[in-house]
Amino acid sequence: MKMVSIISRISSTLFPRVSMPAFTMASRSKATLVKPKTAIVMLNMGGPQTTDQVGGYLLRIMTDRDMIQLPVQSKLGPWIATRRTEEVMKKYNEIGGGSPILKWTNTQGRMLTEALDQMLPESAPHKHYVAFRYVPPFTEDAFQEIERDGVERAVIFSQYPQYSCATTGSSLNAIADFYRNREVPSSIKFSLIERWATHPLLAKVFAERIREKLEAFDSRVRNDVVILFTAHSLPLKAVSRGDTYPHEVAATVAATMSTLQVPNPHRLVWQSKVGPLPWLQPYTDDAIKAYVKQGRKHLILVPIAFVNEHIETLHELDIEYCDELAKEAGVQQIERVATPNDHPIFIAALADVVANHLKNGPRLSNQFLTRCPHCVSQRCQSSKSFFKKFIGV
Ligand code: FES
């Protein structure tokens, strides 16, 4: 058995997931035993681990102009965050007191790096770093740790398979902010995976999850169950600017359906709209009600744009739609497909995306460097220029 594999096994025995705070576990497992050679930086928005973090989390979202644009944002953003804190805390309490995003990201990172150690001994040991946008561990924490560890190579890997300027774009702008007044370490070779919406194993894990749920329906109705792919909506303003998110989400849906090969009807619907401005439609809750009115009372919800459970799946989909709304609307049976989490096919997808990237590149894609046709953001402009220099292509 290879040394790194033995170390991984020892570390998971020494530091079992259940008894350690999730974000210290990853740091301890490999870092204290072997100096990592390759960093895998997992970008995501993050979610409050405890209800104490809800206020800060909302404040950071509401004041992030990449994520949301409000008039007089420096005043209105904090005001909205304060007003919503209690209600959002209540929702986190209803799903067990916090978001599981960090737990899942650490599990995925640990399994991914173990797989990479086996697949690519030349770039091993690999170590994952969690870089969240709105809760600890923050993007800057991850980059400080990478520098301290003295890695040779760092792959910045967005955990949003479909790119949006509001999500992955925001995390990348945060990296550019971090290095604005700080020297970029010349000893580390950086590269970026910013989108992987149509990876065949990603489609396969969604297809497997759906297939399992279809089995929960009586065989007499199984082929007529409506499959509703649901993703976080986006303001129409962002769509009109040319954000690629809607068509990338649709591409994942198409790849999943073509892998699944079932006769069921399907639609892509959008959830979690906030504020009064128009967003991408149809909304998930409206679609559920409308299908019931059409007599389609057997439904499956598939969260297609998040790779681990979060408040929008555990509360909005499970409690508000599959329980409360379904009863009120007269749904006969509704099932919600789990997010990929630690499904072995999903871990294989992550490993294949990173291994291909490490072997074949490119280190920075032209697609990323090209701004939206109607982008007027100085931040986007300076961040794209930064990445060109940062990654050195
Ligand atoms: Fe898309 Fe600026 S809004 S690149």
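Only the coordinates and a few stated rules stand behind these numbers; no lab work does. Keep in mind that this is a model prediction, so the values were computed, not measured. Glycine also receives a Cβ, built like all others from the backbone with ideal geometry; neighbour counts cover every protein chain displayed.
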Starting from the Cα of LEU76, step 7 Å along the direction of its Cβ; do the same at ILE188; then give the gap between the two resulting points in nm. 3.7 nm
Karplus couplings for the stretch 197-204 from phi (6.51 cos²θ - 1.76 cosθ + 1.60, θ = phi - 60°), rounded to Hz, Gly and Pro as x? 5, 10, 4, x, 6, 5, 4, 5
When only DSSP loop residues count, what GluC sites (Glu not before Pro) in the stretch 111-194 have their Cβ near at most 14 other Cβ atoms within 10 Å? GLU152, GLU183
Compute the long axis of helix 378-391 from its Cα atoms, compare it with the longest principal axis of the Cα atoms of the chain, and write down the angle in degrees, 0 to 90, nearest 10. 50 degrees
For a quick check: with amide H placed at 1.01 Å from N, whose amide H comes under 5 Å from GLN271's, ignoring anything fewer than 5 positions away on the same chain? ALA231, HIS232, SER233, THR284
222 nm mean residue ellipticity, helices alone, for the chain (DSSP H n ≥ 4; -39,500 (n - 2.57); rounded to 500): -14000 deg cm²/dmol
Check the chain for me: any Cys whose beta-carbon has no other cysteine beta-carbon within less than 4.7 Å? CYS165, CYS322, CYS380
Given backbone amide H placed at 1.01 Å from N, residues whose amide H is under 5 Å from that of ALA154, ignoring those fewer than 5 places away on the same chain, are ALA39, LYS189, PHE190, SER191
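Which pairs, out of LYS103/LYS327; LYS37/LYS384; LYS127/LYS359, put more than 20 Å between their alpha-carbon atoms?
Numbers: LYS103/LYS327 32 Å; LYS37/LYS384 26 Å; LYS127/LYS359 17 Å.
Checking Cα-Cα distances, LYS103/LYS327; LYS37/LYS384 exceed 20 Å.
Where does each of 236-248, 303-315 land if you order them by average Cβ count within 10 Å, highest first?
Per-residue Cβ counts within 10 Å, averaged per peptide and sorted highest first, yield 303-315, 236-248.
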With the convex hull built on the Cα atoms of the chain, state its orientation-averaged projected area in nm². 19.8 nm²
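Under unit Cβ charges (Lys, Arg +1; Asp, Glu -1), what dipole magnitude, rounded to 20 debye, does the chain have relative to its Cα centre?
Result for the chain is approximately 880 debye, rounded to the nearest 20.
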Which of ASP323, ASP218, ASP352 moves most in a GNM of the chain, Cα contacts under 10 Å? ASP218
Computed over the chain: longest principal axis from alpha-carbon atoms vs helix 284-293 long axis, angle to nearest 10 degrees, is 20 degrees
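Please report the relative contact order for the chain, taking Cα pairs under 8 Å with a sequence separation of at least 6, and give it as a percent rounded to a whole number. Working shown, then result.
Working: 631 pairs, mean separation 75.1, N = 393.
Here the relative contact order equals 19 percent.
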Going residue by residue through the stretch 294-302, the Karplus relation 6.51 cos²θ - 1.76 cosθ + 1.60 with θ = phi - 60° gives ³J(HN,Hα) values, rounded to whole Hz and with x marking Gly or Pro, of 7, x, 8, 9, 10, 9, 10, 9, 10
One would report the antiparallel percent of DSSP beta bridges in the chain, rounded to the nearest 5, as 5 percent
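Per residue, what volume in Å³ does the convex hull of the Cα atoms of the stretch 287-390 enclose?
Details: hull volume 18.7 nm³, N = 104.
Expressed per residue, the convex hull around the Cα atoms of the stretch 287-390 is 179 Å³.
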Acute angle (nearest 10 degrees) that the helix 168-178 long axis makes with the longest principal axis of the chain, alpha-carbon atoms: 30 degrees
Sum up the lysine pairs in the stretch 167-301 that clear both bars: alpha-carbon distance under 26 Å and a spacing of 8 or more or different chains. 9
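In percent, how large is the relative contact order of the stretch 200-336, given Cα pairs closer than 8 Å and 6 or more residues apart? Don't skip to the answer; put the middle values down first.
On the way: 179 pairs, mean separation 45.1, N = 137.
Relative contact order for the stretch 200-336 comes out at 33 percent.
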If you average 1/r over every pair of different alpha-carbon atoms in the stretch 51-94 and take one over that average, what Kirkwood value in Å do you get? 10.5 Å
With no solvent term and unit scatterers on the alpha-carbon positions of the stretch 200-336, Debye gives log₁₀ I(q)/I(0) at q = 0.10 Å⁻¹ of -0.31
